[in-house]
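Novice: Dumping the structure here so I can ask a few things about it.
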Amino acid sequence: MDFIKSVIPPPFLPPTAYFFIFSDNHILIHQISDTNMAIPCMENPWDKSLGLKNLCYFGTYNTIPCYCGNIDKDKIPPAHNFINIRTLYTMAEDVFRHMAGYARQIHDWNANFKFCSKCGTQTIRKATEFARVCPACDLHHYPRISPAIITAIIKENKILLARGVNFPNKKMFSVLAGFVEPGETLEECVQREVFEEVGIQVKNITYFKSQSWPFPDSLMIGFTAQYDHGQISMDTTEVLDADWFDADHLPMVPGKQVLAGELINWFVRSQE
Ligand SMILES: [Zn+2]
């Protein structure tokens, strides 16, 4: 990977830079052709008439500086448009997916902590790290990361998959996931979330791998677990449908570029 994270910007304004520009859940892309799009790489970008603002430097890609920020809606350059960041997340190369996710979280931090959450004073950007500091009470505001577990539950030769009420695609089934609560270990979170959502108990909880998930600020921590006891009993405020599936009869599931898809693929391969 040729992306190098950095906090301290170059000593001069670079003549060329990458811009990861966000608007709510959308990111600005350069539509090079009908089938080819790219993160905007602009020359002479420092002209104020371009409408770039809230810019924050976050590193280099192949030695070219990278910034995140906003743009005035009426100043979007020709052949550029906003797309849903989830779309980019499923289409882009690994390095740009990683950079876009990182840029999104740095931008959210830079934009959302302009004022101290304790006393309301305007915060000041700290030069040496991603922290916004309150000059009145010294509270430091760092980029927020929210840990969440995601778990493949196996019962003999089947995997538990569910349709969540908040899934963008209502036909999609996936493994169970949920946010870690204060005072809870990751293993306790797995047991609680699984029991709350589908009413079963699990055992042999084993770490799988993790993935940063910038929608908006999660760190997904993947586990596998085995069914212990209980019958599926759904919490219908969270889950629309849940069932056991064998590897040859899976419903629509996420792709392997996301951790849920990797877990499901791990199950399928274990059945070969
Ligand atoms: Zn304060």
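Novice: Could you tell me which of the residues THR60, THR128 is more than 16 Å from the ligand (Cβ to nearest atom), surrounded by fewer than 16 Cβ atoms within 10 Å (Cβ to Cβ) and in contact (Cβ under 8 Å) with a residue 40 or more places away in the chain?
Specialist: One residue alone meets the criteria, THR128.
Novice: Within region 136-149, does at least one residue satisfy the condition of being in contact with a Phe, Trp or Tyr (Cβ under 9 Å, 6 or more places away or on another chain), farther than 23 Å from PRO254 by Cβ, within 16 Å of the ligand (Cβ to nearest atom) and in a strand (DSSP E or B)?
Specialist: Yes, region 136-149 contains at least one residue that is in contact with a Phe, Trp or Tyr (Cβ under 9 Å, 6 or more places away or on another chain), farther than 23 Å from PRO254 by Cβ, within 16 Å of the ligand (Cβ to nearest atom) and in a strand (DSSP E or B).
Novice: Additional query: Here is a check on your reading of the model: is LYS203 under 23 Å from the mean Cα position of the chain (by Cα), surrounded by fewer than 13 Cβ atoms within 10 Å (Cβ to Cβ) and touching a residue at least 24 places away in the same chain (Cβ under 8 Å)?
Specialist: The answer is no for LYS203.
Novice: Further question: Could you grab me the full set of residues in region 112-122 that are more than 8 Å from the ligand (Cβ to nearest atom) and crowded, with 17+ Cβ neighbours inside 10 Å?
Specialist: PHE113
Novice: Any residue that is in the same structural domain as VAL180 (by TED's automatic domain parsing), surrounded by fewer than 14 Cβ atoms within 10 Å (Cβ to Cβ), under 17 Å from PHE195 (Cβ atoms) and in contact with a strand residue (DSSP E or B) (Cβ under 6 Å, 6 or more places away or on another chain) - is there at least one of those in region 228-244?
Specialist: yes
Novice: Moving to a separate point now. Just give me the residues in region 19-36 being closer than 21 Å to GLU93 by Cβ and touching a helix residue (DSSP H, G or I) at 6+ places or on another chain (Cβ under 8 Å), in sequence order.
Specialist: Scanning region 19-36 gives PHE20, PHE22, ASN25, HIS26, ILE27, ILE29.
Novice: Sticking with this structure for a sec: Take region 139-156 and flag every residue that is under 22 Å from ILE205 (Cα atoms), surrounded by 13 or more Cβ atoms within 10 Å (Cβ to Cβ) and not charged (D, E, K, R).
Specialist: Those that are under 22 Å from ILE205 (Cα atoms), surrounded by 13 or more Cβ atoms within 10 Å (Cβ to Cβ) and not charged (D, E, K, R): PRO147, ALA148, ILE149, ILE150, THR151, ALA152, ILE153, ILE154.
The values are calculated or read from the model by the stated rules, or taken from the named source; none is laboratory data. The model shown is predicted, which means the values in this text are computed figures rather than measured ones. When we count neighbours, we look across all protein chains shown, and the Cβ atoms used for this are built from the backbone with ideal geometry, even at glycine.
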